[in-house]
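Have a look at the structure below, then the notes.
Every read-out reported here was derived from the displayed coordinates using simple, explicitly stated rules and does not represent laboratory data. The model shown is predicted, which means the values in this text are computed figures rather than measured ones. Please note: Cβ atoms are built from the backbone with ideal geometry, for glycine as well, and neighbour counts cover all protein chains shown.
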Amino acid sequence: MPRVINTAAREEILQRIRDAKVPPARPVVRGYNRTGPGGVELFAERVADYRAIVRVVSDVPGALASLEGKRIVAPQGVPEEWLIDGVTWLREPLTIDELDQADGVLTGCAVAIADTGTIVLDGSEGQGRRALTLLPDYHLCVVREEQIAASVPEALQRLESTRPLTFISGPSATSDIELSRVEGVHGPRTLEVLIVS
Amino acid sequence: MARNPVTWLGSPAFPKAAREALQDTQLRQNLRRATGTIRGRREAAVAEMTDWEMLRVAGEQIKDDVLARLDTLLVELEESVTARGGVVHWARDAEEANRIVLDLCRAEQADEVVKVKSMATAEIGLNEALEAGGVHAIETDLAELIVQLGEDRPSHILVPAIHRNRSEIREIFQRRMGVEVSDEPADLAEAARVYLREKFLTTKVAISGANFAVADTGSIVVLESEGNGRMCLTLPETLITVMGIEKLVPTWQDLEVFLQLLPRSSTAERMNPYTSVWTGVTPGDGPQRFHLVLIDNGRTATLTDSVGRQALRCIRCSACLNVCPVYERTGGKSYGSVYPGPIGAILTPQLVGDLHDPQAASLPFASSLCGACFEVCPVRIDIPSVLTHLRAEVVEAKGRTPESVAMAAAAWMFREASRYEKAQKAGALARFLARDGKITSLPWPGSRWTSSRDVPAPPAESFRAWWRKNRCQE
Ligand code: SF4
């Protein structure tokens, strides 16, 4: 299959744009804040505002007791010491149905944003392909203190744009019924963030 | 040329549609409640940002730059997307776009597709076109699903079922899903989750829109709340994204502005629950076939108007709808288009591009020019100026006809809430709003106009000046 389809339409649209003769725009003034106060405390507070669970811990394995007895997805590349005994760890390759039936998923992240209480996954080591963090109903995400960017501009600068990225701010939610927010629709209904500080 | 489906076939002109909508007290109650809530929340979300005005200015300037360099940026986007394994299609109008998508679905032998909420696909009437071609499109956004199952029309950009309250939604779900459910929003959301789960896990083709496309990287960005977007963008084998040609931003860095402006303006959140970004195809993760359909459908024509083209900066946040006193009273469906409210009043007629289309030509008059829309617009679209500009064009094109006079009078009536309320109390509003394109009579205080039999129509050059003068004579 060719990579560009319908070149007649393409040429016509591009020509119409040129014919519109839009004058050059003024240069963009970026007078907005590039950074912010940041920090663990602000990040934790903002994550909690979305009604996600937040815990600040000093080590990960000690904080995973709540997973015992559960079937938890662990993507390739999660540190070996996170895989504590007493948990049924589900490893790739996993089918859609296996993911759907898992109790939860444990991942790291690429970047977090203090200002907005957001975590960002980029599919690299310890995060897995996107379906892994979508189908299980519970997502436990580990954020290391140094991964927390203060602001959206700082976070975007740290990210690699061409990786598949998922920005997550709280559990899935909808405001479609009378504009009142309800947590838990299609994505994980429970989001827990462990901040390692 | 086929008619542009951005307006719904058979919709009456705004004054008539509004007259009918105003009689629906349930609708007005639902809307007042919903928009009142979101207005307060948006204000709080914006007040938190000390640099909000600078973000707005940057948003405006970036989008103006996009419009100024649209041809080169589109070619750049095409190169970036194709370099990463995507296929790019171009469509001049709705018909062409629909045919492209239908052919793609057929090539995948799909008779069912899942859809993420998208204004572009609503604008081109894609679902209807697919249905006619034997492909059933399942809307997966909760509000879109409510509209689809209710065999209804959307009335808001962000929350298409905003005109429905919880008990109406419950009734629709019980009837169409065959389940017992309470009218608690949480239970209704759960019903939708169960209803759609299997579709997500088994459907092979998904269709989405795009909030932004980054020219220099080829990345496409979709913001959402429920996770239905992630489902559609991740699980199917084939993804078809339909996008207006103006949805670009030049660089990856530019997203830092819009990812701050959009969530606070639309859902009044610091950040929406989920934002997905993908670039072409990623081996082993997500759809392995990706098609990007770029649609014009009236945009290049809009671009030629030096005043009107700023409507193309719109990022579809819906803040202008939520603050609009006319929208709140008449509801979204009165605008007869997928784009209602203040942005609809300036964008729809430009996309239709026919000043002699009575319905589209009535839309610029569906405003009180109070200016609240401009105040909240994250990309600083001066909607009141575009409205007056378009009104002048309509009047110039049509001459002083009964319709143009009726529209001008309707606009005047909506100017102030007090005037509107008075007229409504007098029970005469229904009589006032044009019936069959004629003004039968205006209630007091507008009766002074009709009784003089010399209803002033706006002169082409400056509606606003004319209007100010007349207002002073009250
Ligand atoms: S015109 Fe402005 S306020 Fe209205 S939807 Fe578009 S971006 Fe939002």
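Considering only B:Thr50, A:Pro75, B:Leu130, the residue lying farthest towards the positive end of the dipole of the protein assembly as shown is B:Thr50, judged by Cα position with unit charges set on Cβ. Each of A:Asp59, B:Asp152, B:Asp64 was scored by other Cβ atoms within 10 Å of its Cβ. Arranged with the fewest first, they read A:Asp59, B:Asp152, B:Asp64.
Of all beta bridges that DSSP places with both ends in the protein assembly as shown, some 30 percent have antiparallel geometry.
The aspartates and glutamates whose alpha-carbon is closer than 14 Å to the alpha-carbon of B:Lys199, local same-chain residues fewer than 8 away aside, are A:Asp97, A:Asp100, B:Asp111, B:Glu112, B:Glu139, B:Asp141, B:Glu237. The distance linking the stretch B:167-209 with the stretch B:1-51 is 24 Å (Cα centroid to Cα centroid, whole angstrom). Shielding by partners for peptide B:227-234, expressed as the average number of C-beta atoms from other protein chains within 10 Å of each residue's C-beta, is 6. Return the whole-Å distance between the Cα centroid of the stretch A:4-54 and the Cα centroid of the stretch A:64-85. Cα centres, the stretch A:4-54 to the stretch A:64-85: 37 Å.
Full extension of the segment from B:Glu375 to B:Asp152, taken as 0.36 nm per residue of separation minus the current Cα-Cα distance, would add 77.2 nm.
Stokes-Einstein diffusion of the stretch B:1-53 at 10 °C, 1.306 mPa s viscosity, Kirkwood radius from Cα pairs, rounded to a whole number: 109 µm²/s.
Taken about its Cα centre, the stretch B:17-295 carries a charge dipole of about 600 debye when Lys and Arg each add +1 at the Cβ and Asp and Glu each add -1 at the Cβ.
When all alpha-carbon pairs of the protein assembly as shown are counted, what percent fall beyond 39 Å? So the portion of pairs separated by more than 39 Å is 31 percent.
Of B:Thr388, B:Thr348, B:Thr50, the sequence from fewest to most neighbouring Cβ atoms within 10 angstrom is B:Thr50, B:Thr388, B:Thr348.
Peptide B:81-91 has a mean shielding of 4, counted as Cβ atoms of other protein chains within 10 Å of each residue's Cβ. Using only Cα atoms, locate the centre of the stretch A:97-118 and the centre of the stretch B:280-347, then give the distance between them in Å, rounded to an integer. Measuring centre to centre over Cα atoms gives 32 Å. Annotation: the antiparallel percentage among DSSP beta bridges lying fully within the stretch B:17-295 is about 25. The value for the stretch A:1-78 of Rg(Cα) / (2.2 N^0.38 Å) is 2.26. Against the empirical 2.2 N^0.38 Å (N residues), the stretch A:127-170 has a Cα radius of gyration ratio of 1.28.
Placing unit charges on the Cβ atoms of the charged side chains and taking the dipole of the stretch B:1-90 about its Cα centre, the candidate lying farthest along the positive direction among B:Val6, B:Ala17, B:Ser80 is B:Ala17. Which pairs break 20 Å Cα to Cα here: B:Lys117/B:Lys333; B:Lys16/B:Lys117; B:Lys16/B:Lys333? Distance filter (> 20 Å) returns B:Lys16/B:Lys117.
Per-residue Cβ neighbour counts within 10 Å put A:Trp82, A:Trp89 in the sequence A:Trp89, A:Trp82, beginning with the fewest. Three principal axis extents of the stretch A:49-197 based on alpha-carbon atoms, in descending order, are 38, 37, 30 Å.
For chain A, the longest principal axis of the C-alpha atoms and the axis of helix A:7-20 are separated by about 70°. Within the shell of other residues whose beta carbon sits under 10 angstrom from the beta carbon of A:Ser175, the net charge comes to -2, with Lys and Arg scored +1 and Asp and Glu -1. Cα-based values for the stretch B:223-300, radius of gyration first and Dmax second, are 14.0, 38 Å. Averaged over the residues of B:49-56, the number of partner chain Cβ atoms lying within 10 Å of the residue Cβ comes to 3. Across q = 0.11, 0.14 Å⁻¹, the stretch B:17-295 modelled as identical point scatterers on its alpha-carbon atoms has Debye log10 I(q)/I(0) values of -0.68, -1.10, in the order of the q list.
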